[in-house]
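J.: Input: one structure, supplied below.
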Amino acid sequence: MSEVVVAGHDDHHDHGPDKGLARWLFTTNHKDIGTLYLWFSFLMFLIGGVLALVIRAELFQPGLQFVEPGFFNQMTTNHGLIMVFGAIMPGFVGLANWLVPMMVGAPDMALPRMNNLSFWILPFAFTLLISTLFMDAGGPNFGWTFYAPLSTTYAPETVTYFIFGVHMMGASSIMGSINIIATILNMRAPGMTLMKMPLFVWTWLITAYLLLAVMPVLAGAVTMMLFDIHFGTSFFNAAGGGDPVMFQHIFWFFGHPEVYIMILPAFGVVSQIIPTFSRKPLFGYDSMVYATASIAFLSFIVWAHHMFTVGMPLAGQLFFMYATMLIAIPTGVKVFNWVSTMWRGSMSFETPMLFAIAFVILFTIGGFSGLMLAITPADYQYHDTYFVVAHFHYVLVPGALFSIIAAVYYWLPKWCGRMYDESLGKLHFWLSFIGVNVTFFPQHFSGLAGMPRRIPDYALQFADFNMISSIGAFIFGFSQVFFLYIVIKTIRSGKPATDRVWEGAHGLEWTLPSPAPYHSFTHPPKVTDAEAHS
Amino acid sequence: MARLVAGFVLALMAAGAGADELNMRRGVTEISNAVYDLHMYIFWICVVIGIVVFGAMFWAMIHHRRAAGAVAAKFHESTKLEIAWTLAPTLILVAIAWPATQVLVAMYDTGGEDLTIEVRGYQWKWQYKYLDDDYNSEVAYFSNLKTPQDEIHGRKEKGEYYLLDVDEPLRIPVNRKVRFLITAEDVIHSWWVPDFGFKRDAIPGIMNETWAIVPPDKAGIYRGQCTELCGKDHGFMPVVVNAMPEDEFDAWYAERLQQEEVRKEALSKTFTPEELMAQGEQVYGTYCASCHMPNGKGVPPVFPALDGSAIATGPREDHLNIVLNGKTGTAMQAFGKQLDAAQIAAVVHYERHSWSNNTDDVTQPRDVIEHMGQ
């Protein structure tokens with residue numbers, strides 16, 4: 001049916017992409033911008049990964065071998081910042097750009113020019129941030145959570161670059177989320193009611209509201225830092241009547257929803273993939289939507305569980321402990337729903353499904369350690385140790401990142417019209433799966449045994465687990481270069497993909513030809529039950 | 001999958017054996033034991049849930065494969081099931097929250113202390129002050145990392161307590177309730193003794209409170225580390241506590257009070273240049289060498305060299321000024337708050353007569369006191 005759509009528009013000028021660099025600089029096409037976001041995200045992922053490998057190389061053995069402690073702190077800080085703001089978030093925005101219009105039957109994003117702007121801010125923001133690593137004073141070295149006063153009174157001069165970088169990333173995210181909300185609420189094809197939307201669209205709708213709510217809070221926090229540093233205010237300076245703990249409250253009021261910003265779209269991706277390869281509809285669609293909304297709501301009232309050791313009153317500790325524990329309920333509902341979708345299905349295990357299954361298992365392990373961390377008295381022992389590092393890497397690497405990789409394998413044939421090589425994809429999966437567990441599982445042990453995070457050198461009893469962890473990190477790191485090879489090989493010389501690509505796939509995007517035409521759904525499609533909420 | 005199972009089995013074995021390398025330490029206080037039990041309780045709950053959930057998943061993956069001829073069912077909801085798996089976790093959470101609340105309430109019972117110690121975090125060392133009832137302190141000292149740079153840089157074999165050894169540990173008596181008041185001078189640090197079952201952030205401008213009673217049969221040395229990123233040497237500020245039998249502690253404390261008298265006398269004494277150099281080298285090694293380097297060359301441009309520097313070879317007034325008051329906007333701290341006049345005199349003298357520096361002055365404690373009076 002889309003051929004008809006294209007033919008109907010011949011009376012206008014040519015709708016194909018521009019030639020050369022201009023296409024990418026000036027594009028307002030959601031598919032082009034999605035592609036830009038995804039490549040940018042992958043570039044940042046490689047840079048952040050190199051920093052991680054510097055960290056793991058230094059921690060391979062006790063003692064200082066490769067880098068000095070000050071530089072080590074720059075590595076941990078920028079690894080965190082680049083992965084969170086440069087790799088995971090733009091990765092999901094790239095997926096949203098490609099998929100949301102095709103999934104709701106819209107011709108493009110609601111605000112295409114703003115879409116261009118929100119992408120093109122990012123390379124400048126990250127150039128600003130990363131350039132500090134090459135300056136005399138060195139880059140940010142106060143951790144990705146940049147607690148004051150280490151990040152204000154005691155920060156290197158380059159902190160101002162960091163602050164403006166964060167401002168720019170925030171502006172980009174806010175514009176991106178406005179665009180996604182506007183697209184979903186206004187541009188759905190007739191018949192695509194809210195409760196018929198694919199779950200990926202639902203999770204992104206909720207994520208976009210979270211972004212809209214908390215990115216301004218982050219901007220406020222860094223602006224107050226800017227004033228403390230340059231204009232003599234004392235928001236976070238105890239000597240001037242300010243409060244370093246207030247910084248943490250503000251930061252985590254942003255930071256905890258931010259965590260869910262990085263995981264809710266992952267829930268969406270997995271909820272698309274598991275039904276396809278189980279050849280069975282998603283179990284409990286309605287409860288999935290409600291669970292996502294509950295998690296989003298709870299994310300605003302649990303922030304201080306990151307701060308159990310700052311010395312809050314007992315009542316505050318209890319409130320944040322109970323509220324945090326509640327998150328286990330909607331999260332559990334999601335996991336049970338995925339398992340029930342697989343139950344009595346007719347499963348096959350192509351690469352996207354492998355990554356999705358690994359997501360469910362390993363994310364759940366991260367959820368268990370999260371539940372343990374919620375228990376305040378126990379958290380006094382876990383806090384700021386490698387147990388926490390293991391926890392959040394389990395939810396972010398085999399969690400958020402695996403879902404992005406799964407999404408790329410799943411939708412790449414639709415994007416470029418070619419199939420990836422299944423055996424290479426499976427090899428990539430197993431290397432990643434082994435790498436990620438060898439890296440992060442031992443960190444639970446070193447954390448429980450008492451190893452603090454963010455240290456360049458450690459006592460001898462932690463040596464064995466750190467060595468294992470470093471080996472795993474290098475396996476994992478290099479297998480992502482292999483992923484790059486697989487993707488390029490697919491785009492250049494993969495076998496042509498069918499329109500439906502996967503026999504069990506449902507959803508409007510699969511009704512388009514492969515590769516998806518530059519302009520799709522210029523006339524709204526008919527939404528049949530078969531293509532609704534898969 | 002095999003790895004995962006292996007990992008879990010490993011964790012279970014660790015839990016069973018209580019091995020220090022794999023699991024949380026039980027610790028020595030009543031609180032730390034309660035925390036450990038709580039930790040194991042939640043851990044086992046998670047293991048059981050994990051077995052059920054992953055078990056169902058693997059069952060499905062094995063039996064409901066297309067390759068095994070499975071045909072997909074059509075069901076996609078069940079209100080009863082969904083209510084059940086919302087309610088069951090809620091009950092489990094109540095079962096966890098109840099004991100957790102009890103332990104937390106016990107931890108917050110900070111009253112009735114026998115001894116109060118102020119713990120103050122500095123970049124990158126701890127200061128311990130024994131407070132009397134009016135919060136005045138006669139006995140106070142710094143606790144610095146003792147591990148030599150040679151061990152850190154791999155030029156010497158690493159000792160048993162590598163990075164976990166200090167020049168002077170915090171001393172506390174067993175069998176008495178010790179209250180800790182925790183704060184910081186510069187950035188946020190965190191004071192953690194795993195065997196006592198708690199950590200508390202040391203935050204400038206805020207006094208945090210916590211406590212410990214080490215049982216009488218558990219005298220010994222307990223080691224931990226700073227657990228909040230506090231700058232360059234965050235990894236190099238261990239926490240070491242020596243829990244002593246009560247009579248030994250009392251004797252030590254009496255002796256410290258006497259030493260305090262001696263220290264005060266030193267402030268009015270005149271030292272020979274040799275004495276100043278010897279004392280100065282020790283102070284330099286502890287407080288200055290991590291930035292300005294043992295050879296005085298620093299790490300330019302962040303940490304300037306002292307060897308041949310304008311400050312260390314120019315007017316002594318300027319030199320005293322920067323050591324006493326620090327330099328804002330840099331890592332140079334105000335050592336006037338940390339060292340006494342005798343130590344300042346010695347280290348300034350040492351810096352002005354070491355490496356290629358050779359000024360013709362001798363700095364005595366009274367010179368420092370005079371400078372501070374101006």
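The values are calculated or read from the model by the stated rules, or taken from the named source; none is laboratory data. What you see is a predicted model; the values in this text were computed from it and never measured. We place every Cβ from the backbone using ideal geometry, glycine too, and count neighbours over all the protein chains shown. These accessible areas exclude ligands, DNA and RNA; they are computed on the full protein's heavy atoms, side chains included. Shrake-Rupley method; radii C 1.70, N 1.55, O 1.52, S 1.80 Å.
J.: Placing +1 at every Lys and Arg Cβ and -1 at every Asp and Glu Cβ, with all other atoms neutral, what dipole size does segment B:269-372 have around its Cα centre, in debye to the nearest 20?
T.: It comes to approximately 320 debye.
J.: Here's a follow-up. Any idea how far apart B:Asp109 and B:Val362 come out in nm if each label point goes 7 Å out from Cα toward Cβ?
T.: Calculated label separation equals 6.1 nm.
J.: Just to make sure I understand: if all protein chains stay in place, what is the order of B:Arg316, B:Arg155, B:Arg200, A:Arg418 by accessible area at 1.4 Å, largest first? Before the final figure, lay out each step's value.
T.: On the way: B:Arg316 55, B:Arg155 155, B:Arg200 10, A:Arg418 80 Å².
Heavy-atom accessible area, descending, gives B:Arg155, A:Arg418, B:Arg316, B:Arg200.
J.: Further, regarding this structure: Under the rule of -39500 (n - 2.57) per DSSP H run of 4 or more residues, summed and divided by the residues of chain B, what mean residue ellipticity at 222 nm is obtained, to the nearest 500 deg cm²/dmol?
T.: -13500 deg cm²/dmol
J.: To continue, here is another question. Among A:Gly450, B:Met107, A:Gln272, whose Cα lies farthest out toward the positive end of the dipole of the protein assembly as shown, if unit charges sit on the beta carbon of Lys, Arg (+1) and Asp, Glu (-1)?
T.: A:Gln272
J.: Before anything else, pin down the relative contact order of chain A: Cα pairs under 8 Å, at least 6 apart, normalised by residue count, whole percent. Could you put the intermediate results ahead of the total?
T.: Details: 876 pairs, mean separation 100.5, N = 534.
Relative contact order for chain A comes out at 19 percent.
J.: Note the angle between two axes, namely the Cα long axis of helix B:246-266 and the longest principal axis of the Cα atoms of chain B, as a number of degrees from 0 to 90, rounded to the nearest 10.
T.: Approximately 30 degrees, to the nearest ten.
J.: Take the alpha-carbon centre of segment A:310-373, take the same for segment B:135-192, and report the distance between them in whole Å.
T.: 39
J.: Something else: Compute the signed sum of charges (Lys and Arg +1, Asp and Glu -1) over the other residues within less than 15 Å, Cβ to Cβ, of B:Leu276.
T.: Working: positive: B:Lys269, B:Arg316, B:Arg352, B:Arg366; negative: B:Glu274, B:Glu275, B:Glu281, B:Asp340, B:Glu351, B:Asp360, B:Asp361, B:Asp367.
Net of charged neighbours comes to -4.
J.: In addition: With every protein chain left in place and a probe of 1.4 Å, what is the accessible surface of B:Ser137, to the nearest 10 Å²?
T.: Answer for B:Ser137: close to 50 Å² accessible.
J.: So, one more: Please give me the summed charge of the neighbours of A:Lys414: other residues whose Cβ is under 11 Å from its Cβ, Lys and Arg +1, Asp and Glu -1.
T.: Net charge in that neighbourhood comes out at +1.
J.: With all protein chains present, calculate the accessible area of B:His153 using a 1.4 Å probe and round the result to the nearest 10 Å².
T.: Its heavy atoms expose roughly 60 Å² to the probe.
J.: If you line up the long axis of helix B:2-17 against the longest principal axis of chain B, both from Cα atoms, how many degrees apart are they, to the nearest 10?
T.: The angle comes out at about 70 degrees.
J.: Using helices alone, I'd like the mean residue ellipticity at 222 nm for chain A: each DSSP H run of four-plus residues gives -39500 (n - 2.57), total over residue count, nearest 500.
T.: -21500 deg cm²/dmol
J.: Where both partners of a DSSP beta bridge lie in segment B:115-265, what percent of those bridges are antiparallel, to the nearest 5?
T.: 70
J.: Considering the options B:Val178, B:Asn33, B:Val347, tell which one lies farthest towards the positive end of the dipole of chain B, charges being +1 on Lys and Arg and -1 on Asp and Glu at the Cβ, about the Cα centre.
T.: B:Asn33
J.: Just need the relative contact order of segment B:111-226 here, percent rounded to a whole number, with Cα pairs under 8 Å and 6+ apart.
T.: So the answer I get is 26 percent.
J.: Local charge sum around A:Glu58 (other residues, Cβ-Cβ under 13 Å, Lys/Arg +1, Asp/Glu -1)? It would help to have the intermediate numbers written out before the result.
T.: Numbers: positive: A:Arg56, A:Arg454; negative: A:Glu68, A:Asp457.
Here the count lands on 0.
J.: Another question, then. Between segment A:454-501 and segment A:67-119, what is the C-alpha centre distance in whole Å?
T.: Comparing the Cα centres of segment A:454-501 and segment A:67-119, I get a distance of 19 Å.
J.: On to the next question. Whole Å is fine, so just give me how far the alpha carbon centre of segment A:166-208 lies from that of segment B:229-275.
T.: 62
J.: Where does each of B:Asp133, A:Asp421 land when they are ordered by accessible area, with a 1.4 Å probe and the largest first?
T.: Values: B:Asp133 145, A:Asp421 55 Å².
My answer, sorted largest first, is B:Asp133, A:Asp421.
J.: Using a 1.4 Å probe and ignoring any ligands, DNA or RNA, find the accessible area of A:His519 and quote it in Å² to the nearest 10.
T.: Using a 1.4 Å probe on the heavy atoms, I get roughly 60 Å².
J.: Additional query: Let me have the relative contact order for segment B:269-372, percent, based on Cα pairs under 8 Å that are six or more residues apart.
T.: 31
J.: Compute the angle between helix A:89-104 and the longest alpha-carbon principal axis of chain A, please, reported from 0 to 90 degrees and rounded to the nearest 10.
T.: Once rounded, one gets 20 degrees.
J.: While we're looking at this one, here's another question. Can you sort B:Met57, B:Met372 by solvent-accessible area, 1.4 Å probe, largest first? Show your work: numbers first, answer last.
T.: Details: B:Met57 0, B:Met372 105 Å².
These residues rank, largest area first, as B:Met372, B:Met57.
J.: Shifting gears a bit: Projected onto the charge dipole of chain B (+1 at Lys/Arg Cβ, -1 at Asp/Glu Cβ, origin at the Cα centre), which of B:Val362, B:Ser137, B:Ala243 gives the Cα projection farthest towards the positive end?
T.: Result: B:Ala243, furthest along the dipole toward the positive end.
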